[in-house]
Amino acid sequence: MSAFLYGVILQWKLDFRNKGVLLTYYVVPLVFFAFMGGIFSSINPASKDTLIQSMTVFGVTMGAFLGTPTPLVELYGSEIKKAYKVGGIPLWVAAINNFISAFIHLFMMSLVMFFIAPVAFDAKIPQNPQLYLLSLAIFIIASLGVGTVLGLLIKNLSKLTILAQLLFLPSIMLSGIMFPASMLPKALETVSVILPATWGFKLMTNEVFDVKLLIPLVVIMIVSMGVSGYKLSKISLE
């Protein structure tokens, strides 16, 4: 257990040294929050009711899709994985360490928004903070599941950037954080239901616990775990 915790802490520290990961976990989400938070709240005062959730969805989605897969591609797409085999370390350990480290980073970034938004932009604090934080944790886990799948399936950083952007941009535009999802054409509204951001936003803005909003995120988690487990088993045999 101590070796596993050491691996998590080491990965967490390495993330701070990785400029690309650091940008997607903290810098870009917080700069976007500082810039767009003021614009949203001044153009549409009603947006203050969901400003924390909207900015959090943006930050978590960016970190999970554009930041989390990067260390995995750098490891599993290179000869570094051979060092794990030589040392007798299961390859899945690296994926788990990266997942936990990313969760901590994104949760910390989300807490910064949670505490600053009411002071800086007069944003509304969720009525039930405990429920909000639980919903946030579930959303982060589901998003990281998708990010982990990206990191395991793609072996090239340039391809990862393109595919991650193709997933990130629709998530932001169709999730309802920029404008109500009801304004979307029917086809795009249908596409939005497969995105974690859509359900994460609904779950975090809901004032009571709704199992119906949780089910899609649980399905995304289960599918992500299945794909990741299958891919890791194949990588171990290479």
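The values are calculated or read from the model by the stated rules, or taken from the named source; none is laboratory data. Remember, it's a predicted structure, so these values are computed and weren't measured experimentally. Note: ideal-geometry Cβ built from the backbone for every residue, glycine included; neighbour counts use all protein chains shown.
Miscellaneous remarks
- Selection status of Met173, surrounded by fewer than 19 Cβ atoms within 10 Å (Cβ to Cβ), within 21 Å of the chain's Cα centre (by Cα), closer than 25 Å to Ile52 by Cα and free of Cβ contacts under 8 Å to residues at least 40 places away in the same chain: yes
- Residue within the range 64-77 that is part of a helix (DSSP H, G or I), surrounded by 15 or more Cβ atoms within 10 Å (Cβ to Cβ), at pLDDT 95 or above and under 14 Å from the mean Cα position of the chain (by Cα) present: yes
- Taking the range 115-133 as the range and being among the aliphatic types (A, V, I, L, M), more than 21 Å from the chain's Cα centre (by Cα) and under 16 Å from Leu203 (Cα atoms) as the test, only Ile125 passes.
- Taken over the range 51-91, residues that are among the hydroxyl-bearing types (Ser, Thr, Tyr) and within 19 Å of Asn156 (Cα to Cα) amount to 4.
- Selection status of Lys155, closer than 27 Å to Ser47 by Cβ and among the basic types (Lys, Arg): no
- Odd one out for Ile162, checked against (1) under 19 Å from the mean Cα position of the chain (by Cα); (2) free of Cβ contacts under 8 Å to residues at least 12 places away in the same chain; (3) under 22 Å from Met55 (Cβ atoms): (3)
- Lys85 being among the basic types (Lys, Arg), at pLDDT 85 or above and in a helix (DSSP H, G or I): no
- Hits in the range 133-150 (condition: within 16 Å of Thr70 (Cα to Cα) and out of contact with any Gly (no Cβ under 9 Å at 6 or more places or on another chain)): Gly145, Val146, Thr148, Val149, Leu150
- Residues in the range 12-33 that are of a type in the set (A, V, I, L, M) and modelled with pLDDT under 75: Leu14 only.
- Any pair with Cβ under 6 angstrom, 6 or more apart, that starts in the range 58-69 at a residue that is within 16 Å of Asn98 (Cα to Cα) and in contact (Cβ under 8 Å) with a residue 12 or more places away in the chain and ends at one that is charged (D, E, K, R) and in a helix (DSSP H, G or I): none
- Subset of the range 176-193 [touching a helix residue (DSSP H, G or I) at 6+ places or on another chain (Cβ under 8 Å) and either among the small types (Gly, Ala, Ser) or more than 12 Å from Ser54 (Cα to Cα) (or both)]: Gly176, Ala181, Ser182, Leu184, Leu188, Glu189, Val191, Ser192, Val193
- Residues of the range 41-57 satisfying the condition of being assigned to a helix (DSSP H, G or I) and in contact (Cβ under 8 Å) with a residue 60 or more places away in the chain: Ser41, Lys48, Asp49, Leu51, Ile52, Gln53, Ser54, Met55, Thr56, Val57
- Hey, Ile141 part of a helix (DSSP H, G or I), within 22 Å of Val27 (Cα to Cα), of a type outside the set (S, T, N, Q) and modelled with pLDDT of 95 or more or not: yes
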